[in-house]
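Please treat every number below as a calculation from the coordinates, not as lab data. The shown structure was predicted, so the numbers you read here are calculated from the model rather than taken from an experiment. When we count neighbours, we look across all protein chains shown, and the Cβ atoms used for this are built from the backbone with ideal geometry, even at glycine.
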């Protein structure tokens with residue numbers, strides 16, 4: 001490599017390395033509160049008095065930096081110190097919006113609730129910013145799972161670090177990290193936002209008269225298949241999937257069909273299959289969704305024990321009888337509607353000047 005080419009490469013590396021993120025040692029710029037609440041401290045000390053408290057999404061201006069800590073000015077003029085990892089730039093705020101768009105496309109695997117306050121994080125990490133707090137009795141949609149090693153939180157580099165990676169991409173016998181791992185659930189909040197919560201603190205909101213038959217297994221998905229009237233009460237036939245034991249690199253290992261027996265006035269098991277390796281999404285076509293009487297159908301993504309391939313099994317519930325309609329080899333297809341990296345526009349857009357534009361041109365050239 002000649003001297004001119006070497007200098008050019010070093011210049012490009014310098015441009016790409018001069019990050020425009022919140023941890024770069026640059027001058028004032030705007031940022032947004034990523035955490036649910038953020039206390040601004042008068043001094044860079046945990047015992048310093050609180051100047052003011054900001055909420056998720058509030059805009060601030062960074063006026064000073066010391067390592068990962070930043071001094072910011074709120075819109076009201078108050079200034080104080082905070083952890084820079086709890087602040088987002090415009091791109092990170094845009095990533096949260098894209099996660100919500102992505103989550104909107106995912107089918108719900110059932111409602112979940114909590115029995116105590118539970119933090120919802122921007123990424124599947126215990127120390128990632130918490131932008132929302134679930135309260136007792138609040139219900140959310142369960143969308144996806146993700147196993148993550150316990151590690152120090154680092155702000156995500158791109159959408160892939162925040163979007164759910166399907167567990168079917170992981171080998172079913174893959175070992176867990178030696179340092180331990182957590183099972184995270186991607187949830188959709190009532191207002192449409194999406195975030196990550198610890199799975200073990202969520203409880204699926206299936207009725208207790210059905211959940212009591214779980215036999216100590218964790219219910220991970222459930223669906224009403226059909227409604228039946230019994231002496232003025234409305235009961236349902238149910239499909240649920242469960243997982244036994246601890247953390248597993250798949251979503252469920254058993255599924256069951258419960259039906260309401262009109263003659264005996266109680267729930268009974270119409271079908272059960274154990275020792276499977278199953279994954280989200282479970283898809284259901286309940287009775288009554290189309291014109292005329294029809295039997296409810298459901299399909300599950302299960303890895304075959306013999307050849308290790310993924311198959312989409314489709315079943316039908318006819319009366320109290322369950323029969324398989326189809327077993328088709330399944331391969332994930334690219335989603336043309338999945339959110340892409342976009343340039344944020346509007347009142348919160350940030351024009352970083354000539355350097356970010358030059359960096360983008362260099363990245364495009366290198367690609």
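Observations on the structure shown:
- Cα→Cβ-extended label distance, 7 Å offset, between residue 198 and residue 64, nm: 3.6 nm
- Overall shape: prolate for the range 108-194, with the ratio a/c of the largest to smallest alpha carbon gyration tensor axis at 1.5 or above and a/b above b/c.
- Taking the centroid of alpha carbons for each part, the range 247-326 and the range 108-156 are 27 Å apart.
- The share of alpha-carbon pairs in the range 206-329 lying farther apart than 18 Å comes to 53%.
- Cα-based shape type of the range 17-168, given that a ≥ b ≥ c are square roots of the gyration tensor eigenvalues and the cut on a/c is 1.5: prolate
- Here the label points at residue 83 and residue 45, each 7 Å from Cα along the C-beta direction, are separated by 2.0 nm in the simple model.
- Label-point gap, in nm, between residue 165 and residue 213 - each point 7 angstrom along Cα→Cβ: 3.8 nm
- Shape of the range 112-155, Cα gyration tensor, a/c cut at 1.5: prolate
- Percent of alpha-carbon pairs separated by more than 16 Å within the range 20-88: 36 percent
- Residue 331-residue 136 FRET efficiency (beta carbon distance; Förster radius 45 Å; 0.05 resolution): 0.60
- Highest-first packing order for the peptide set 193-204, 269-280 is 193-204, 269-280, based on the mean count of other beta carbon atoms within 10 Å.
- Were the residues from residue 36 through residue 230 laid out at 0.36 nm apart, the gain over their Cα-Cα distance would be 65.2 nm.
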